[in-house]
Each structure stands twice: as C-alpha cells, then as structure tokens.
1. Per residue of A:27-34, count partner chain C-beta atoms within 10 Å of its C-beta, then hand back the mean as an integer.
2. Build a GNM of chain A with springs between Cα atoms under 10 Å: which of A:Lys90, A:Lys64, A:Lys108 gets the top mean-square fluctuation?
3. How many nanometers, to one decimal and shortest first, lie between the label point of B:His21 and those of its other copies, if labels sit 7 Å from Cα toward Cβ?
4. Tell me the mean residue ellipticity at 222 nm calculated for chain B from its helices only (DSSP H runs of n ≥ 4, each -39500 (n - 2.57), averaged over every residue, nearest 500).
5. Under the rule of at least 5 residues apart or a separate chain, name every residue whose amide H is placed under 5 Å from the amide H of B:Ser171.
6. For a distance above 21 Å, tell me the whole-number percent of Cα pairs in the range B:92-192 that qualify.
7. Name the shape class, rounded, prolate or oblate, that the alpha-carbon gyration tensor gives for the range B:22-91, where a ≥ b ≥ c are the square roots of its eigenvalues, rounded holds for a/c under 1.5, and otherwise prolate holds if a/b is larger than b/c and oblate otherwise.
8. Any idea what angle helix B:3-14 forms with the longest principal axis of chain B, computed on alpha-carbon atoms, 0 to 90 degrees, nearest 10?
Protein chains: 2
Amino acid sequence: MDKIEQILSFIVEIEKLKDVHRKTRPVGLERYENSAEHSWHVCLTALMLKDHANEPVDIDRVIKMLLIHDLGEIDAGDTIIYQSETAGNKAAEAAGVARILGLLPDGKGNEYLTLWHEFEAGETADSRYARAIDRVPPLLHNLHSDGHSWRENRVPKEKVFALNARIGQGSQALWETIRARLEEAVDRGVLK
Amino acid sequence: MDKIEQILSFIVEIEKLKDVHRKTRPVGLERYENSAEHSWHVCLTALMLKDHANEPVDIDRVIKMLLIHDLGEIDAGDTIIYQSETAGNKAAEAAGVARILGLLPDGKGNEYLTLWHEFEAGETADSRYARAIDRVPPLLHNLHSDGHSWRENRVPKEKVFALNARIGQGSQALWETIRARLEEAVDRGVLK
C-alpha cells in the first residue's frame, strides 16, 4: 500500500472515535457527547484560554496532544474520570493508541505516541495545561444541566473537588473561576 | 464579566456546532456526522498528510484554520458542498463566525476572524491545503458506503470530479489517489 493510502486507512480508523460515548451531554443536547467532538472542543478551549496558563506553554504542541489524547479509547472505551485512572485502564488505552498510530507509514506515529505518553504523565508545562483543559467541558456540562452526570453516576462533591483541583496545576486562575461555580452548585443543592 | 468567564461563555456557545448535521455519515455509523467531530477529523487528516502538500505549509496555522472553519454554521447551518458556494450562504457564515468570535474578550477573536477569511478565500498555501483536506473525509464516507450521500442528494459524477479537483490545488498527490478511487467507484456503478 502506498503512503497516502496508509494514511487514508488511518483516517478511516480514527473515525471510530465518533462512536465512543462519554458520560456527559453537550449543553442543550439530550444525547451523550462522543470523544471526537470532545477532542475538537478541548482544542479550542485550550487555544482561547492559553494566556491564563500558569507557565508559558507551546500551544501548538498542546493542541496536537489534545487532538490525539483520546485515540486509545477506540480500543479501550471511555471511562468516567472518577473511575478511570486505574493501571488496567491506562494500559488498555496505551496499547490502543500504539496500535492506531502504528497504522501510519514510516514510523510517523512514534512522535505522536511520545506526545500521548507526555500527556498521560502530566509532568511538563504543556501536558499539565492540556490535562487541566480536558477537565473543563465536562464540568460546564454538569454546571449547565443541574449536575446531570454527577447525579447519574452518583459522584459526591468531595470527589468532584478533589479530582478537578488538578485544573489548578495548569491554570490557577481557571481553577478559581471553576471552583467558585462549583461552590455555587453546592449552594444550589445541585452538587452534593 | 471577567475575561475567563467570557471565554467560558464562548466555549459553551461553540458547543452548538455539535448539533449541526452534515450530509454524510461517518464510516460504519447510521447517523449523520456533525460539524464539530468533522472539525476534529480534518485537523488530524491535515496533520498526517502534511508532507504531501504541494507547497510548504505552516501546519499549526492550518490546524487553527480547520478548528474554526465551520463555526459560521452555528448560525448559518451546514450546506452540502455541491450547493453551498453561493454569496448568500457565505455572507451568513461570515456574519455567524464574526458574532461567535466576538464573544471573546479584548478583541482576541479578530485574529481568528482574519484566519477564517483566509481559509474562505483559499489564496494562500495554508488555505489551499486546508481546503483540500476539508474535502477528503466526506469523499471517504461516500466511497465506504456505496455513495450513500451522492445518491441521497443526486450528485452526478461530473459534479463530484469538478468540485473535488480543488484537492489538487493543495496536494496533487492526494488528488491523484482520491481520483483513482473515484474512478473505481464509477467503474463499480456507485458514482454515476
């Protein structure tokens, strides 16, 4: 198969991310979000909030990280953040993303596999910011739907605050804004 | 409203793109594609095919163009390419994208509005390549579904070849690969 054909096969394969369903619903919609449209959404979220990152970030690397960050879910499925950070789930995602990027010619996928592992480790300024941004849209979904997904998955407020505090590692200013909204949701009885 | 709050409002507003339905179905799915997941898909398509562009491109600018290229559809709706390139439709999209980017603080949207107009004009290397890439996934959808959307919208082969030849302006090698597949579809009687 020639190189362009190989890349076209990759493009068709990653399309499966459009059928991986997440646990929250986009604001105003009755259906669940899929991981492909989520990936688009976090790229623009990262781009527009970049001046509020704690440390200087290379936004172009951040966007590439976010474009590929969920590819492993094609094989592993989506897991709600409040249950997902287990070794088994991470290993399944890592194997999935390696398989999919392996479809590209000339080992071109290796560069992106390294970027995916950097995102997962969250130990660089770019990945800390990217991981912070990844948390934002699902919180907005909950805040705009009286906590639909929190209720459906019985997520207590303690977990919501504890797991999302990592937003502050990427952008303290963003976390302060979000935390104020979460506290408002607690006051309204939407987050318990 | 403070700046971060303004950006969060923008992020919620652009979510409406997840409810703009296109005319083709992702490979393997029975539902129509939406413009948000399409936007993600073309970003990765552009990234992986960049070495096959006719001219050197700034892939980071191309990706930003593709992230925002359909925002105008939130107000204007999606129109099939075979009918969309009218002055009225373009004006409605331009007004829509200006309104949405206008939600951002400090006139930050202006930079992206300029980029959107560059994409629409298609007169630079980056925009020629981005516009070529934008055509690829819907063709793959048709090629993998026995021409589902061509049939449904009664698009004759002459129009398919004429309108997609612009892929060659961004990447001649890519157009040659795609054209061969389209000719195969004609031979199979799928494209008439």
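1. 4
2. A:Lys108
3. 1.7
4. Numbers: 13 runs with 124 residues, N = 192.
Computed mean residue ellipticity for chain B: -18500 deg cm²/dmol.
5. Amide H to amide H, under 5 Å and 5 or more residues apart or across chains, B:Ser171 pairs with B:Asn54.
6. Cα-Cα pairs of the range B:92-192 separated by over 21 Å account for 47 percent.
7. Values: a/c = 2.02, a/b = 1.32, b/c = 1.53.
In terms of gyration-tensor shape, oblate.
8. Relative to chain B, helix B:3-14 is tipped by roughly 30 degrees.
The values are calculated or read from the model by the stated rules, or taken from the named source; none is laboratory data. If you're wondering where the values come from, they're calculated on a predicted model, not measured in any experiment. FYI the Cβ positions are ideal-geometry reconstructions off the backbone, even for glycines, and counts take in every protein chain you see. We work out accessible area using only protein heavy atoms, side chains counted, and drop any ligands, DNA or RNA first. Shrake-Rupley method; radii C 1.70, N 1.55, O 1.52, S 1.80 Å.
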